[in-house]
Amino acid sequence: MKTMIWDFNGTIIDDVQLCIDIENQMVKDWNLQVPFITKEIYQENFCFPVIHYYQKMGYDLTKVSYEQISYEFQKRFDQGYQQMDLCLGFQDRVKQFQKEGYRQVILSATQQSELDKQVKHLNIDSFFEEVIGIQDNLAHSKVQRAVNWMENNQINPEDCTYLGDTDHDYEVAKAIGIDRIYLIAQGHQSASVLEKTGACVLKSLLEWH
């Protein structure tokens, strides 16, 4: 059976501007000496692990810890995601893949209970056979969660396609044996960053044929 594995943030939910707004507001609230972040700056610099992104942007993590930033960011995101739209073209593609007989799965680094809540709020849970998030702060990585799911369900990576919006999604797909990878340049990284992976890069899901 063909399987479509979807990343969530920036691939399904259009949350980039929310993330930028939260970051700029946190910098202001905490009086941090960090430049104002535009969408262009964000998409050129965002990376994983996320702590490296904050270091690149000039955060002094000896004054405000990465744990403090992460906690506050997640709290504000949880308060704001209800206003988010789905990414351009998502509805068309998810329905198309369903008609074509794909098993569809979400794979995200979002904590499982939060991910379940967000997917249900967006009213897209019926499209997905499985929604795979991180169990807790001590859980295995996104890669390990995917490996466990694939082994438990006897999923052949050769039958899988991976849709994401970052070079980390490319790394995850490769780590679990998937070669059919599409990166969508309407999320958390720019097309110029994504193209360095060598994967097929689309401007939006509307470009899928």
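Remark: the Cα gyration tensor places segment 1-44 in the prolate category, a/c being 1.5 or greater and a/b exceeding b/c. A 1.4 Å probe run over segment 108-176, with the rest of the protein chains in place, finds 52 Å² accessible per residue.
Label-to-label distance, Asn123 versus Lys2, with points set 7 angstrom from Cα along the beta-carbon direction: 2.8 nm. Charging the Cβ of each Asp and Glu at -1 and of each Lys and Arg at +1, and nothing else, the dipole of segment 77-161 about its Cα centre rounds to 120 debye. Compared with the rule-of-thumb size 2.2 N^0.38 Å for a compact globular protein, segment 81-168 has a Cα radius of gyration ratio of 1.12. Along segment 75-92 the Karplus relation, 6.51 cos²θ - 1.76 cosθ + 1.60 evaluated at θ = phi - 60°, assigns HN-Hα couplings of 4, 6, 5, 4, 7, x, 5, 4, 8, 7, 9, 7, 5, 4, x, 4, 4, 4 Hz to successive residues, with x for each Gly and Pro. Placing +1 on each Lys and Arg Cβ and -1 on each Asp and Glu Cβ, with no other charges, gives the chain a dipole about its Cα centre of roughly 80 debye. Label positions at Asn31 and Asn148, each projected 7 Å from the Cα along the C-beta direction, are separated by 4.4 nm.
Amide H to amide H, which residues 5 or more places from Asp14 or on other chains are under 5 Å from it, using H placed in the peptide plane? For Asp14, the qualifying residues are Asp85, Leu86, Cys87. Multiplying the residue separation of Ser70 and Asp159 by 0.36 nm and removing their Cα-Cα distance gives an extension gain of 28.5 nm. Cross-link check: pairs Lys28/Lys142; Lys39/Lys99; Lys28/Lys75 evaluated at a Cα-Cα cut-off of 23 Å; pairs beyond the cut-off: Lys28/Lys142; Lys39/Lys99. Per-atom-type breakdown for the chain gives carbon and sulfur 47% of the accessible area (1.4 Å probe, protein chains only). For the chain, dividing the convex hull volume of the Cα atoms by the residue count gives 116 Å³ per residue. Toward the positive end of the charge dipole of segment 1-149, with +1 on the Cβ of Lys and Arg and -1 on the Cβ of Asp and Glu, the farthest Cα among Ile22, Gln33, Cys87 is that of Cys87.
The values are calculated or read from the model by the stated rules, or taken from the named source; none is laboratory data. Just so we're clear, the structure is a prediction, and the values are computed from it rather than from any experiment. Note that we place each Cβ from the backbone using ideal geometry, even for glycine, and neighbour counts take in every protein chain shown. The protein model used for the area step is the full one, side chains on, heavy atoms only, and it has no ligands, DNA or RNA in it. Shrake-Rupley method; radii C 1.70, N 1.55, O 1.52, S 1.80 Å.
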